[in-house]
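Notes for the one structure printed next.
The values are calculated or read from the model by the stated rules, or taken from the named source; none is laboratory data. Everything quoted here is computed from the prediction, not taken from an experiment. All Cβ positions, glycine included, derive from the backbone under ideal geometry; neighbour counts span all protein chains shown. For accessibility, only protein heavy atoms count, side chains too; no ligands or nucleic acids. Shrake-Rupley method; radii C 1.70, N 1.55, O 1.52, S 1.80 Å.
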Amino acid sequence: MKPTALIVHAPGTNRDYDAQRALELAGAHTKIIHIQALKEERNLFSQCQILVLPGGFSYADALSAGKFFAYNLLKYFFDELNDFVLAGKPVIGICNGFQVLVKAGILPDISNGEVQRISPDGYKAPKTTLTANQHKHFECRTVRLTPRSTKCIWTRPLKEDIICPVAHGEGRFIAEENTLKALQDADQIALVYTSAEKKSSTIQYPENPNGSYLDIAGICNSTGTVLGLMPHPENNIIPRKHRSSEEQRKTQAALALWKAGVDYLK
């Protein structure tokens, strides 16, 4: 049977249908539901096998990007979120969804491979954050990503770099040095910004569009089931005949990320 992905819509999210298309091409059923309606259909958390927090500008990025969405998820769905994550079901947050996962304290969850319960106060003292781009302006263009983690269920089958868009003003991943080292040691850096040449271990702007530490584009939790990433792989999933063979491979790689999450449940 096909798994079902629950895509949670909040006021201001705008990539719901993009994520839906990617998941359906990857072999999943999908259900988009507004966060208000979800309060009346809490059983969807137990009925669905994948949870998706899509990109956009939830609640107009009030307080900071993703923070109010994160607060609402913890306030109204704390038990359901805990059960979902502790059950090892795949979760993905893209762009604004990544900001939500971080600001809710669901990521990074550095805990030696044993997923921890979410703290109801996780949003008060996060170990990492996503803040204003280093160059202080909105970035909307194509980037190249290299899959890094073999732990993350969404990235470990990937063999090719991914080319897809970014569209954010607050995508700079920062953390204290000990947290960054812990992420490296635990294989929780899922995706990094890279260049076609790969001449050095670190890159500069514009290949790194926001100044993220260690060129981090995405991280996973301690068991690899929860992925948060700033770029939008859901926006490069349709092969175009006019594209070069390399461009088509990168499109297949973007779709392969979604397929990896779906196939994990088979």
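When you scan region 175-188, how many residues do you find that are farther than 23 Å from T150 by Cβ and in a loop (DSSP other than H, G, I, E, B)?
1
Identify the single condition in (1) part of a loop (DSSP other than H, G, I, E, B); (2) crowded, with 23+ Cβ neighbours inside 10 Å that L191 does not satisfy, given that it satisfies every other one.
Condition not satisfied by L191: (1).
Please go through region 124-151 and give me each residue that is within 26 Å of G261 (Cα to Cα), assigned to a loop (DSSP other than H, G, I, E, B) and touching a residue at least 40 places away in the same chain (Cβ under 8 Å), ordered by number.
K127, R148, S149, K151, listed by residue number.
Here is a list of conditions, (1) open to solvent by less than 20 Å² (accessible area, probe 1.4 Å); (2) at pLDDT below 95, and L86 meets all of them except one; can you say which number that is?
(1)
How many residues are touching a residue at least 40 places away in the same chain (Cβ under 8 Å) and in a loop (DSSP other than H, G, I, E, B) if we restrict to region 239-262?
0
Of the residues in region 159-169, how many are over 14 Å from the mean Cα position of the chain (by Cα) and modelled with pLDDT of 95 or more?
So the answer is 1.
Sort out which residues of region 131-151 are more than 15 Å from C220 (Cβ to Cβ), open to solvent by less than 30 Å² (accessible area, probe 1.4 Å) and hydrophobic (A, V, I, L, M, F, W, C), and write them in order of number.
Residue satisfying the conditions is V143 alone.
Could we say that P206 is touching a His at 6+ places or on another chain (Cβ under 6 Å) and surrounded by fewer than 22 Cβ atoms within 10 Å (Cβ to Cβ) here?
no
Here is a yes/no grid of residues against (1) within 16 Å of A167 (Cβ to Cβ); (2) modelled with pLDDT of 95 or more:
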site: Y193; (1), (2): yes, yes
site: K198; (1), (2): no, no
site: G211; (1), (2): no, yes
site: G218; (1), (2): yes, yes
site: T223; (1), (2): no, no
site: G228; (1), (2): yes, yes
site: N236; (1), (2): yes, no
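Report the residue count in region 33-72 for those that are more than 22 Å from L23 (Cα to Cα) and not hydroxyl-bearing (S, T, Y).
Residues meeting the conditions: 14.
Which condition number in (1) among the aromatic types (F, W, Y); (2) under 17 Å from G228 (Cα atoms); (3) open to solvent by less than 10 Å² (accessible area, probe 1.4 Å) is the one that F77 fails?
(2)
For region 152-169, which residues satisfy the criterion of being part of a strand (DSSP E or B) and open to solvent by less than 20 Å² (accessible area, probe 1.4 Å)?
I162, C164, V166, A167, H168
Looking only at region 219-259, count how many residues are under 15 Å from L51 (Cα atoms) and open to solvent by 10 Å² or more (accessible area, probe 1.4 Å).
1
What are the residues in region 25-74 that are more than 30 Å from K266 (Cβ to Cβ), without any contact (Cβ under 8 Å) to a residue 40 or more places away in the chain and open to solvent by 60 Å² or more (accessible area, probe 1.4 Å), if any?
Answer for region 25-74, where residues must be more than 30 Å from K266 (Cβ to Cβ), without any contact (Cβ under 8 Å) to a residue 40 or more places away in the chain and open to solvent by 60 Å² or more (accessible area, probe 1.4 Å): Q36, E40, L63, F68.
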